[in-house]
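Here the structure is laid out as structure tokens; the discussion comes afterwards.
The values are calculated or read from the model by the stated rules, or taken from the named source; none is laboratory data. Please read all numbers here as calculations on a predicted model, not as lab measurements. Every residue, glycine among them, receives a Cβ derived from its backbone with ideal geometry; neighbour counts consider all protein chains shown. Just so you know, the surface numbers come from the protein's heavy atoms only, side chains and all, with ligands and any DNA or RNA stripped out. Shrake-Rupley method; radii C 1.70, N 1.55, O 1.52, S 1.80 Å.
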Amino acid sequence: MPELPEVETTKRGICSALLGHRVLNAVVRERRLRWPIAANFEATVSGRTVRSVERRAKYIVIGFDDGSLILHLGMSGSLRLIKPGTLPRTHDHWDLEMDSGWVLRFHDPRRFGSLHWTEGEPSEHPLLVKLAPEPLSDAFDADYLYRATRKRSVAIKQLLMNSAVVVGVGNIYASEALFHAGVAPRRVARRITKMEAAKLVKAVKQVLAAAIKIGGTTLRDYVDPEGSPGYFRQKLFVYERAGSACRVCKSTVKQFAQGQRSTYWCSTCQR
Ligand SMILES: [Zn+2]
């Protein structure tokens, strides 16, 4: 599943082909995504000029003068920039042909992705209005996380992955951040100290920023819009390293199931 760093990398990769450029033509080959693409989508976006390309959580928001496209990659979606006339492959569901000489093409085998047009303020759209703070924003700080953990008896890892607390911290990043902060994944959230909350916030930001810097990614077959594979996997300390030696203390990295996901950790480095 594309995680926040892949979405951010995708946003950065498509930005220059879109920004300041006009949509010449829109093509939809499959309307049945997570929600159906509106029947007037092609007519609505054609002729309009892109004024902004932003990310909110795992949504990419493409802003025009008087409306915005809100799109989500779902479980298996990807965007790429191709030259006009490139034949669509199976699961290439829609295209935006730009006057920059690029076509933005959406590919999604499982069709959990989505595409919405809104004329209102995108942050007020039902999909975005209730989203918690961005992990890389100043709003996600030690005080915020400390307050969010009070009275919560859930495990700290599950709290970090709760998008009502902070958006975009997936399984890999939660596991890695807990390792770097030295906090055991099963710790009860309300028992986290203020200092641990500060360490966790710092670790979440560092792990995500490092993944973005390196260009993604969590998916083995992930390719950024310029066609180069992501290499984030090589930098992981605990995720999918069960049975291997901890890179810090040489103890064996452990694994257990937590909320139907695999958690990886070092019982020596994390307390
Ligand atoms: Zn260790």
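Overview of values
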| item | result |
| --- | --- |
| Heavy-atom surface of the chain, accessible at 1.4 Å and reported per residue (Å²) | 47 |
| Selected from Gly120, Gly63, Gly20 as most flexible by GNM, with the chain as the system and alpha-carbon contacts under 10 Å | Gly120 |
| Dipole moment magnitude, nearest 20 debye, the chain about Cα centre, only Lys, Arg, Asp, Glu C-beta charged | 1680 |
| Residue-level accessible surface for Ser163, protein heavy atoms, 1.4 Å, Å² | 70 |
| Residue with peak Gaussian network fluctuation, the chain [Cα springs, cutoff 10 Å], from Gly77, Gly215, Gly243 | Gly243 |
| Surface accessible to a 1.4 Å probe, His180 within the full protein complex, Å² | 90 |
| Cα-based Rg / Dmax (Å) for the stretch 113-186 | 14.5, 45 |
| Semi-axes of the equivalent ellipsoid for the chain, Cα gyration tensor, largest first, Å | 37, 20, 15 |
| Length-normalised contact order of the chain in % [C-alpha pairs under 8 Å, at least 6 apart] | 18 |
| Helix 194-214 axis, angle to the chain major axis (alpha carbon atoms, nearest 10°) | 40 |
| Cleavage-rule hits, trypsin sites (Lys or Arg not before Pro), the stretch 42-118, DSSP coil, Cβ neighbours within 10 Å at most 15 | Arg89, Arg110 |
| Burial ranking of peptide ranges 31-42, 191-202 (average Cβ count within 10 Å, highest at the top) | 191-202, 31-42 |
| Solvent-accessible area, 1.4 Å probe, carbon plus sulfur percent, for the chain | 50 |
| With Cα atoms, 0 to 90° folded angle of helix 171-181 axis to the chain main axis | 40 |
